[in-house]
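Take a look at the structure set out below.
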Amino acid sequence: MVKSLTKRFEDLIVLDRVNLQIHDKEFIGLLGPSGSGKTTLLRILAGLEVADDGVVEIAGRDSGTLSLEERRIGFVFQHYALFNHMTVFQNVAFGLQVKPRHARKSAAAITQRVRELLSLMQLKAFEDRFPAQLSGGQRQRVALARTLAIEPNVLLLDEPFGALDAKVRVELRRSLREIHDSTGLTTVFVTHDQAEALDLADRVAIMNRGIIEQVGTPLEVYDAPQSPFVFDFLGHTNAFDCIVRSGKAYVGEKELPLDKTIRDGPAVAFVRPHDVLLAPADGRQGETGTRLPGTALVRFISALGQRAVTELFYERRLIEAEITRESLQGLDLRVGSKCTISLRHLRVYPRREAEQQTRVAERAAVRPRKRRRFRDRLPTLR
Amino acid sequence: MARASGASAGQGLVPALSEGPRVRAALIVVAAVFFLFFLLLPLLVVFVEALRQGLAAYWAGISEPEARAAIRLTLLTAIVVVPINTLFGIAAAWAVTKFNFVGKNLLITLIDVPFSVSPVIGGMVFVLLFGLPGLLGPWLAAHDVKIIFAVPGVIIATLFVTLPFVARELIPLMQKQGTDQEEAALMLGANGWQTFLRITLPNIKWGLLYGILLCNGRAIGEFGAVAVVSGHIMGLTNTMPLHVEVLYNDFNFVASFAVASLLVMMAFATLVLKTVLEARAAWKLPTLP
């Protein structure tokens, strides 16, 4: 559990009064773009950084007062931080060997425990190899085995799949979930990949510029994003400028359905590409949804697999629509043809740009010239 | 240029970075001549001069009491200085690379001072500090502690001159390695001492040995700073390089070159060790992708 956590690097506020409750045995993902503070939050949970303000509580006790032994936290580093001069076996055994004498198991018991973990992680054949002789996925599994060896209650993972290629990534996702379910760990992981977070986690905390924008199950955050940022971050987005007048939103003269009351003024309607429905320009009503006035011009079509992505010009802006191949053929759309647009499942937010601009300006006032040593490295830049 | 040399005729494409045979030959000859005249010949001269009057004279040159005293003092200096500067180097590199603190950049700069000032100035500083007219001189004299023109002065001057070697070798290495592995060890329950002995030290050991070798080489060979503080007292405060100079100035060429040849052999042994270590380090730590 995190209470009002604040962290500054020099004058840059990395975490701004963050609150987060993590339940026992939960699998939670911290999701956000680089620079959002998610890795810093994870490192504070681990005790690797100290917060400038606020407390981390574990089972009701301030973790700062707990010894490492009592905290029982395992941490898997983004680039694994394997001990290069030790074999796989020695890496996994390390946490067991450095225990104080009275708590240490016998050498035979350590060997047995390490062997167990290695076979659990399918690393048995590699126990005498050095980390440099392993593939990325194998290194990741060594890092996991090494951490599990100390039998933590809480497992923290920093971009666990960031440095792996797509196929290995999905495999390891599954095995991580299985380990979580079979060991009864509480797991917190950091990722910038929304698909990964939504796929894996029980709950997702979406972070942006040092604050948590929304916490919820993957379905909750995807279906009911509470802020434009969350909506935008969780998938492709089309944005329409609109105006809210006496509780109703309008694009031009067309009224848009509102799912909640919004104060009057400029607003933005967000809609996912697969919720943009297309119909022939001759006025025939195609599918349901809020039909927008006027027609759009097809600018680009990319048909890959079952889905076809079309880019349309509407009111001097680009709209992305994702439709099935069948309906593409049914509409007989090609580049240069015209169609009408209907929207469904759209969400209207008050225009926060203005608000956000002032927030940026506020921060700019306290922000130093350069970004110092940011912990959120881009994992794909390897 | 490669094309103009005609090497490409009949061979198809020439790699962009290759030179023609004539250019290559010229470069090799230049390098070989340079190597011969500036490296090999001077070394040979040392041995030729040392053995000019036969092995007996050579042996006499290095076994006379003053020569033996000089050898002893040089070895003593190295034995005292190298461990101290090794410890200092590790501590400084550890502090600079694994922690953040105020004045860190200043410390890094200060470590380089002995490299950037002339060794003679290094010696002078200590004369001004510990010498009779110096800052602490009267106090030291009153308590009958002799530093300048005595063995402690030689050791202190050598300490100063060789201070940066280990730290300079380790700092870039440890900066490159970062703190990830140390943090991992801490998260696995290791304490600071275990982390240092089992993680940090093994990771830096080749660089450390290399730094120690360089430090040792300089400690044995240092002339300028030691010359200022030692006072050239034969059999007492003369190190090997100083002894060589004294003998040479006395026209005792055979003995002078005999002692010099010992220095050359020590330096050569250091270089061989260094090469072996570098080869081992490259073999031992395959670079991670």
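The values are calculated or read from the model by the stated rules, or taken from the named source; none is laboratory data. Bear in mind that the values here come from a model prediction, so they are computed numbers and not experimental data. We place every Cβ from the backbone using ideal geometry, glycine too, and count neighbours over all the protein chains shown.
Considering only the range B:256-267, I want to know if a residue exists there that is modelled with pLDDT under 85 and buried (at least 17 other Cβ atoms within 10 Å of the Cβ). No, every residue in the range B:256-267 fails to be modelled with pLDDT under 85 and buried (at least 17 other Cβ atoms within 10 Å of the Cβ).
Taking the range B:70-122 as the range and being farther than 25 Å from residue B:150 by Cα and among the polar types (S, T, N, Q) as the test, the residues that pass are B:97, B:100, B:105, B:109, B:116. For the range B:62-76, give me each residue that is small (Gly, Ala, Ser) and either loosely packed, with under 15 Cβ neighbours inside 10 Å or not assigned by TED's automatic domain parsing to the domain that holds residue B:253 (or both). Once the filter is applied, which keeps residues that are small (Gly, Ala, Ser) and either loosely packed, with under 15 Cβ neighbours inside 10 Å or not assigned by TED's automatic domain parsing to the domain that holds residue B:253 (or both), the range B:62-76 yields only B:63.
Each residue in the range A:107-145 was checked for being over 28 Å from the mean Cα position of the chain (by Cα) and within 22 Å of residue A:68 (Cβ to Cβ), and 5 pass. Here the condition is being among the hydrophobic types (A, V, I, L, M, F, W, C) and in contact with a Pro (Cβ under 8 Å, 6 or more places away or on another chain); of B:111, B:121, B:156, B:147, it holds for B:111 alone. Per the listing B:219, B:190, B:185, B:225, the residue uniquely touching a Ser or Thr at 6+ places or on another chain (Cβ under 9 Å), among the small types (Gly, Ala, Ser) and within 14 Å of another protein chain (Cβ to nearest Cβ) is B:185. Being within 9 Å of chain B (Cβ to nearest Cβ) and part of a helix (DSSP H, G or I) is a description that does not apply to residue A:137. For the range A:49-81, name all the residues that are more than 27 Å from residue A:216 (Cβ to Cβ), without any contact (Cβ under 8 Å) to a residue 60 or more places away in the chain and within 13 Å of another protein chain (Cβ to nearest Cβ). Scanning the range A:49-81 gives A:50, A:67, A:68, A:69, A:70. Here A:114, A:98 are screened, and the one residue that is β-branched (Val, Ile, Thr) and either over 28 Å from residue A:161 (Cα atoms) or without any contact (Cβ under 8 Å) to a residue 12 or more places away in the chain (or both) is A:98.
Just one of the listed residues (B:207, B:231, B:178) is within 14 Å of chain A (Cβ to nearest Cβ) and at pLDDT below 85, namely B:178. Tally time: how many residues in the range A:204-237 are of a type in the set (Ser, Thr, Tyr) and either buried (at least 21 other Cβ atoms within 10 Å of the Cβ) or more than 28 Å from residue A:318 (Cα to Cα) (or both)? Here the count works out to 1.
Only one of the numbered conditions (1) in a loop (DSSP other than H, G, I, E, B); (2) within 14 Å of chain A (Cβ to nearest Cβ) is not met by residue B:200, and that is (1). Counting only residues that are buried (at least 19 other Cβ atoms within 10 Å of the Cβ) and of a type in the set (Gly, Ala, Ser), which one in the range A:82-127 is nearest to the other protein chains (Cβ to nearest Cβ)? If we take residues in the range A:82-127 being buried (at least 19 other Cβ atoms within 10 Å of the Cβ) and of a type in the set (Gly, Ala, Ser), then A:95 is nearest to the other protein chains (Cβ to nearest Cβ).
All conditions but one from (1) closer than 30 Å to residue A:147 by Cα; (2) buried (at least 22 other Cβ atoms within 10 Å of the Cβ) apply to residue B:202; the one that does not is (2).
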